[in-house]
1. Scan segment 20-33 and report the pairs whose first residue is at negative phi and crowded, with 20+ Cβ neighbours inside 10 Å and whose second residue is part of a helix (DSSP H, G or I) and among the hydrophobic types (A, V, I, L, M, F, W, C), with Cβ atoms within less than 8 Å and a gap of 6+ or a chain change.
2. Among the residues of segment 53-73, which ones are of a type in the set (Gly, Ala, Ser) and either under 10 Å from HIS333 (Cβ atoms) or in a loop (DSSP other than H, G, I, E, B) (or both)?
3. For the list (1) in a helix (DSSP H, G or I); (2) closer than 21 Å to MET337 by Cβ, I need the number of the one condition that THR50 fails.
4. Would you check if there is a residue in segment 88-107 being at pLDDT 95 or above, under 18 Å from TRP390 (Cα atoms) and either of a type in the set (Asp, Glu) or touching a helix residue (DSSP H, G or I) at 6+ places or on another chain (Cβ under 9 Å) (or both)?
5. Hey, could you check segment 90-138 for residues that are in a loop (DSSP other than H, G, I, E, B) and loosely packed, with under 15 Cβ neighbours inside 10 Å and say which is nearest to the chain's Cα centre (by Cα)?
6. Mind telling me which of the residues ALA329, ALA402 ends up being buried (at least 18 other Cβ atoms within 10 Å of the Cβ) and either out of contact with any Gly (no Cβ under 7 Å at 6 or more places or on another chain) or at pLDDT 95 or above (or both)?
7. Taking the condition of being at pLDDT 95 or above and part of a loop (DSSP other than H, G, I, E, B), how many residues in segment 227-251 meet it?
8. I need the full set of residues from segment 51-73 which are at pLDDT 95 or above and crowded, with 21+ Cβ neighbours inside 10 Å, in order please.
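The values are calculated or read from the model by the stated rules, or taken from the named source; none is laboratory data. This is a predicted model, so every value here is computed, not measured. Cβ placement follows ideal geometry from the backbone for every residue including glycine, while neighbour counts extend to all protein chains displayed.
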Amino acid sequence: MARAAARVATTAAVLPPGPGDGRLAQATGFHRDPLRFLQRAQREYGDAFTLRLAVAGRMVMFTDPAVIDEVVELPREAGDAGAARRRIVQMISEHSVLGADREEQRLTRERLEPAFDAATLDPRRDAMTRIAEGHIERWPAGRPFPLLPRMRLIADEIFAQLVIGVRDRNRAEALARATYRMLWTPGNPPVPPPGRYAGLLGALGKKLFDRRAQPVARILAAEIDARRTNDGGDEGGTIDVIGAMLRATPDKPTTAMVDELVPLLMAGQEPAAAGLTWILDRLVRNPELAEHFVSSPPDDPLRTATVREALRLRPAVHTAARRLTEPRAIGGHELPMGAMAAVPIVLVHRDRDAFPDPDAFRPERFLDEDLSKLPYLPFGGGPRRCLGRWLARAEIGTVIPAILRRLDLKPLSRDPERMVVRGTVLVPQRSAQALARRR
């Protein structure tokens, strides 16, 4: 007993200092205003500090650009990103590409990568545009509405049809609606996702999520079984997620495949919708840039720089985290096995040395900069870099122009809404309230 207590004390002692508030107070502060909360901690404790958050637990934050790669470039066997993500979003299966680790994650990712490759997604840009246009026609005109939920619906349908590969259109639309309902909450409350680490409310939330997930699971199972019956997962060489899973693991039970697909649907909605919303909100505040965005080709330097700057100031995901599987020195700190090492993306994107005048929206800063030399991580990094980065590029290049061509949008807030935390994602506090007028 004495030796165990000594080990606990040693483990606590090696972690960098951090705020002394309780776990609930820190979690609430982080969820309500992550940028300000992290900036205060950095000012007081320096470039490495330890947070104690309800649900997520202890997280050692590293903000020095020189140290970032020591975290995000950790090899799979040294840092478990899946375990770190499952601690925050407990609904994620440990066998999915988002929740798995080490060899299982590598194999799962390799199976799915062809469905997320640029060569696969770029030919589907016209279809993405058509899906977006169908939704935009139903957007309200002349009265305020939140942009974020509308972006979620578009992202859900694109993902269901063109990435997951639900071929039956009615079934794909039903899956998009069911996914939206599964993840819906009233506004963006500063609370953690449901799960056993979130106390009684988390347990009740988990029951509600499980009930909402049942229609999603039924639709996915029906599609998988139809594909097994009709063609074993292949149709003229079409590449999609369900086809990739059926070809690689044809004997895997349908229920196990559904278990892997539900987290993918979550990832296909939340970060994508948040990123699209932040970019659109920034463009409609800069009419000249918006006009240039619509009229320029996808590879136009200013158009690309505008997207990069929008995601620098408002990244879709707030943190890249790894749970150490062995003791490791990071940034000069000896961390024990099991420690959570993290890079707060939202904070390092405001590094003053890398980004002079860091709070200003200045796309021109990306016209000549070498991204490899900047602390810029909108899609994470290392072996767990976001699988959907090419999908994000395709959606940005299709959905945003489709909206700007058809609507004049006016944000209701003078400045971009404050970022709040929703799971691992950063969203506008009031879901980006806007007013639309049809062109």
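1. Cβ pairs passing all conditions: GLN26/PHE37; GLY29/PHE37; PHE30/PHE37; PHE30/LEU38.
2. ALA54, ALA56, ALA66 - these are the residues of segment 53-73 that are of a type in the set (Gly, Ala, Ser) and either under 10 Å from HIS333 (Cβ atoms) or in a loop (DSSP other than H, G, I, E, B) (or both).
3. Condition (1) is where THR50 drops out.
4. no
5. ASP117
6. ALA402
7. 1
8. Listed by number, the residues that qualify are LEU51, MET59, VAL60, MET61, PHE62, THR63, ILE68, VAL71, VAL72.
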